[in-house]
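Participant: Please see the structure below; I have some questions.
The values are calculated or read from the model by the stated rules, or taken from the named source; none is laboratory data. Quick caveat, the model's predicted, so the values are computed rather than measured. In this analysis, Cβ positions are derived from the backbone assuming ideal geometry, glycine residues included, and neighbour counts consider all displayed protein chains. When the accessible area is computed, the model is the full protein with side chains, heavy atoms only, and any ligands, DNA or RNA have been set aside. Shrake-Rupley method; radii C 1.70, N 1.55, O 1.52, S 1.80 Å.
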Amino acid sequence: MKSNKIYNIPFWSMCISLILGALLFSFEVLSIKWFFVSILFLLLVLMAMLKQKKSTTFIIISCVVFCFIGGLRYQLAIPDNQRNHIIHQTNLGAPVKTIFTVTESFKKSKKWKNYKASIKQIEENKATGSVLLKVKGEGADILQIGATYIGYLKLNKLANKTFPYGFNYADYLRGKGITHQVWASKSDLILLPNQGNELVQFIANLQINLNTALKKQRLDAKVIQFTQALVLGNKKELDKGVSADFKNAGVIHILAISGLHIGIIYLVFVWLFKLLFYQYKYRFFRSVTVIFLLWMFAWFSGASDSALRATTMVTCFEISRLLLRSQHPLNALFLSVFVLFFVTPQIIFSVGFQFSVVAVASIIIGVPKMLKLLESKWWLLKYLWGITCVSTCAQIGLLPLSIYYFHQFPLLFLVANIPIMFCIPVIMGYAIFVVVCGYFVVLPNVISSIYNFSITYLIRFVGWMASLDSFLLKEVYISKITVWVFYIIFLYLWWIYSNFEKALKYLSFPLSLIAITGFIEFNRKRIKNEVWLLNDYRNSIIVDISANKIQIHAENELTDIDKVFKIEPISAKLHQPNIIYNPLKEAYIIDNKNILIVSDNYIPKLNTVVDILIISNSPKINFERLLKETQPRKVIFTANNKHYLLRGLELLCKKRNIYFTNISQIGDIRLDEL
């Protein structure tokens, strides 16, 4: 029987083209005028082809137009194309009067409380942009979220403190719109009353009060942390062991405010308002109220990417229901992506947003087909099969992204998900009841004990599932190309299910794609020839990557932490287990370049020209004599030097017209590319 759902394929094509355009034009800063001219020209071409609007050429040009529109929207959002952005400020070398609003709280470190701050004004000029604000002081929350402060601050550009093939925290922050970082103490900042965002302040204060009230209940510490994550979106205090267990068991989505939570709350609201206002004339009031409450919950829980996406999508569903139109669920998903992209283009690079969209798309596409494989009139069997279908489709859809971002995949995700998904509506309802009622009174001992017992055993069950290491694939690394190939194969398998005979004719294409991708993945180490100087504050480390081995040259012996975070990502991603550790030498020849390392008072003598001079470990020598004797073409100042030496050496290099690099500012550097 043909489905009565309305497919909006032109809109799907438009959204996909917008996202592809943003991805294609995100690698370089381009002229805004160039985009306008290109879009105008293509629109004129389309107007001339209106009579051929059903032709393939017209459709292709239309998609290209939306690609350029997507690229234009992304370019308008990047700092380089914003006139008042702080990256264009020329007076940031010293502390300047800065007015900013605190917009978000990050996980704190031992010494610092970390916040995201939106800049409003620098000196007397209006300014835009966001910074990572690190405040030193005592107390759980030093600054108020949503409040506006003034202070004399020195804004420093984010440094790329990453390691080859490792996680780049600076890129992660840039994805959140943060370009600079600031260090301050509480005494440096003055609160400006009546100038903050009152709504954000109200929600932040409400969250603080709810968290405080929750901690007063007779609950275990881990149960309180679990409830904070489940209901309030606060994962900053979550025990690292509990978080790792949920991740390794494949149920980490339980701890993130996402489509699962929004969907459950939406169904509860719809049921409740239908019960209270059952008459047809109240349908508009019901829909508007449900949408309003959902958005309040999304903002109240922290406004994560996944929560915003899910709330936007449910809003589209509810509006569609209100208009009495039978829409395909993918229409609402694409509409939510469209809206969120135009509001915040950088959201397409958010891991949470990508996971959320892919999971929902996988469920929409796969679940209806899986449900047909087992049809039953028994409510319990039908419900269990539905949970199995949803979990299976979501996890299969997320498989490439899970491996790419987290380098692991739980094989027992179904065993862990089925019992949890079976009881999560009750658990979440109970958790919301505990948080809301606990805000007003201390809960009776019976209610606290039942809730404490339930959550404790849920955490223990997840911990037991996570302890089965043999069922967890770890340290699996794939490239971006392989991720795309995975999804192309998934789409082909879906095509086979829908039209077996037609799809089978093109079987050679996916088989060839798999063979080529597999060959590239498992032979990447054979085409690698790289030499890296690592950005390390305690050591001087050179990593030489070749076809059959990885050689580590270090001044001091590497610690276990260094090996885990600096060396293992390289060996695992390149599938190269052969690692050799060597002491650091004074001189190297790399790609016919002579490299000299000076790390103490002795200046090694070379019988040839020095191409690259590396200053390490704060040598007590005359730098002017050193430059005169070695005549280097390039000088690298490593991160393990004392900072007071930097300015003098930089001025000497500038005077002699020598290329100078401070590695602590730019991050790891490839010596073979200098």
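Participant: For region 600-618, which residues satisfy the criterion of being open to solvent by 30 Å² or more (accessible area, probe 1.4 Å) and in contact (Cβ under 8 Å) with a residue 12 or more places away in the chain?
Facilitator: Correct list: Asp600, Asn601, Leu606, Thr608, Val609, Asn617.
Participant: Go through (1) closer than 25 Å to Ile145 by Cα; (2) of a type in the set (A, V, I, L, M); (3) in contact with a Phe, Trp or Tyr (Cβ under 9 Å, 6 or more places away or on another chain) and name the single condition Leu230 misses.
Facilitator: (3)
Participant: Inspect all residues belonging to region 517-528 and state whether any of them is assigned to a helix (DSSP H, G or I) and of a type in the set (Gly, Ala, Ser).
Facilitator: There is at least one residue in region 517-528 that is assigned to a helix (DSSP H, G or I) and of a type in the set (Gly, Ala, Ser).
Participant: Turning to a different aspect of this structure: Check Lys505 against each of (1) modelled with pLDDT of 85 or more; (2) open to solvent by 50 Å² or more (accessible area, probe 1.4 Å) and name the one condition it does not meet.
Facilitator: Every condition holds for Lys505 apart from (1).
Participant: Quick one: in region 365-388, of everything that is open to solvent by less than 30 Å² (accessible area, probe 1.4 Å) and at pLDDT 85 or above, which residue is farthest from Ile264 (Cα to Cα)?
Facilitator: Among those that are open to solvent by less than 30 Å² (accessible area, probe 1.4 Å) and at pLDDT 85 or above, it is Gly366.
Participant: Now for a different question. Step by step: first the residues of region 143-164, then only those that are open to solvent by 60 Å² or more (accessible area, probe 1.4 Å) and not charged (D, E, K, R), then the one that is farthest from the chain's Cα centre (by Cα). Which residue is that?
Facilitator: The extreme case among them is Tyr152.
Participant: Also, I was wondering about something else. Limited to region 113-127, what total is found for residues that are crowded, with 17+ Cβ neighbours inside 10 Å and in contact (Cβ under 8 Å) with a residue 40 or more places away in the chain?
Facilitator: 3
Participant: Here is a follow-up. Spot the failing condition for Ser376; the list is (1) closer than 25 Å to Ile418 by Cβ; (2) out of contact with any strand residue (DSSP E or B) (no Cβ under 8 Å at 6 or more places or on another chain); (3) polar (S, T, N, Q); (4) assigned to a helix (DSSP H, G or I), and only one is missed.
Facilitator: It is condition (4) that Ser376 fails.
Residues are listed down the side, and each one gets a yes or a no for (1) acidic (Asp, Glu); (2) surrounded by 16 or more Cβ atoms within 10 Å (Cβ to Cβ); (3) under 29 Å from the mean Cα position of the chain (by Cα):
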{"position": "Ile32", "(1), (2), (3)": "no, no, yes"}
{"position": "Phe35", "(1), (2), (3)": "no, yes, yes"}
{"position": "Leu40", "(1), (2), (3)": "no, no, no"}
{"position": "Ala48", "(1), (2), (3)": "no, no, no"}
{"position": "Gln52", "(1), (2), (3)": "no, no, no"}
{"position": "Thr57", "(1), (2), (3)": "no, no, no"}
{"position": "Pro95", "(1), (2), (3)": "no, no, no"}
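Participant: Right, next: Filter region 482-502 for residues that are free of Cβ contacts under 8 Å to residues at least 24 places away in the same chain and either open to solvent by 60 Å² or more (accessible area, probe 1.4 Å) or within 30 Å of His553 (Cα to Cα) (or both) and give the result.
Facilitator: The answer is Trp484, Leu491, Leu493, Trp495, Ser498, Asn499, Phe500, Glu501, Lys502.
Participant: Going through region 202-228 one residue at a time, which ones are out of contact with any helix residue (DSSP H, G or I) (no Cβ under 8 Å at 6 or more places or on another chain) and either open to solvent by less than 40 Å² (accessible area, probe 1.4 Å) or charged (D, E, K, R) (or both)?
Facilitator: Scanning region 202-228 gives a single hit, Ala204.
Participant: Also: Residues in region 312-319: is at least one in contact with a Pro (Cβ under 8 Å, 6 or more places away or on another chain) and open to solvent by 60 Å² or more (accessible area, probe 1.4 Å)?
Facilitator: Within region 312-319 (the criterion being in contact with a Pro (Cβ under 8 Å, 6 or more places away or on another chain) and open to solvent by 60 Å² or more (accessible area, probe 1.4 Å)), the answer is yes, since at least one residue qualifies.
Participant: Could you tell me which numbered condition Phe341 fails, if it satisfies all but one of (1) part of a helix (DSSP H, G or I); (2) surrounded by fewer than 19 Cβ atoms within 10 Å (Cβ to Cβ)?
Facilitator: (2)
Participant: Let me ask another. Restricting to helices (runs of 4 or more DSSP H) lying wholly in region 1-108: which have 1 or more residues that are in contact with a Cys (Cβ under 7 Å, 6 or more places away or on another chain), touching a residue at least 24 places away in the same chain (Cβ under 8 Å) and under 30 Å from His328 (Cα atoms)?
Facilitator: Passing ranges, in order: 9-24.
Participant: Output the residues belonging to region 619-637 that are open to solvent by less than 20 Å² (accessible area, probe 1.4 Å), in a loop (DSSP other than H, G, I, E, B) and touching a residue at least 24 places away in the same chain (Cβ under 8 Å).
Facilitator: Listed by number, the list holds a single entry, Pro632.
Participant: Could I ask something else about it? Could you say which residue among Val251, Val268, Val231, Val290 is at pLDDT 85 or above, out of contact with any strand residue (DSSP E or B) (no Cβ under 7 Å at 6 or more places or on another chain) and not acidic (Asp, Glu)?
Facilitator: Going through Val251, Val268, Val231, Val290 in turn, just one is at pLDDT 85 or above, out of contact with any strand residue (DSSP E or B) (no Cβ under 7 Å at 6 or more places or on another chain) and not acidic (Asp, Glu): Val290.
Participant: Another one. Could you please let me know if Ile347 is open to solvent by less than 20 Å² (accessible area, probe 1.4 Å), touching an Asp or Glu at 6+ places or on another chain (Cβ under 7 Å) and aliphatic (A, V, I, L, M)?
Facilitator: Considered against the rule, which asks whether it is open to solvent by less than 20 Å² (accessible area, probe 1.4 Å), touching an Asp or Glu at 6+ places or on another chain (Cβ under 7 Å) and aliphatic (A, V, I, L, M), Ile347 comes out as yes.
Participant: Please find, within region 638-674, the residue that is nearest to Ile614 (Cα to Cα) out of those that are open to solvent by less than 70 Å² (accessible area, probe 1.4 Å), free of Cβ contacts under 8 Å to residues at least 60 places away in the same chain and assigned to a loop (DSSP other than H, G, I, E, B).
Facilitator: Here the answer is Asn641.
Participant: Report whether or not Thr315 is hydroxyl-bearing (Ser, Thr, Tyr), under 30 Å from Leu143 (Cα atoms) and either out of contact with any Cys (no Cβ under 9 Å at 6 or more places or on another chain) or assigned to a helix (DSSP H, G or I) (or both).
Facilitator: no
Participant: I need every pair where a residue in region 184-201 that is basic (Lys, Arg) has its Cβ under 7 Å from the Cβ of a residue that is open to solvent by less than 40 Å² (accessible area, probe 1.4 Å) and at pLDDT 80 or above, sequence separation at least 6 or different chains.
Facilitator: Lys186/Val135
Participant: Another question about this same structure. Any chance region 424-434 includes a residue that's out of contact with any Leu (no Cβ under 8 Å at 6 or more places or on another chain), open to solvent by 40 Å² or more (accessible area, probe 1.4 Å), free of Cβ contacts under 8 Å to residues at least 24 places away in the same chain and over 26 Å from Tyr165 (Cβ atoms)?
Facilitator: Yes.
Participant: In region 212-246, how many are part of a loop (DSSP other than H, G, I, E, B) and of a type in the set (Gly, Ala, Ser)?
Facilitator: 1
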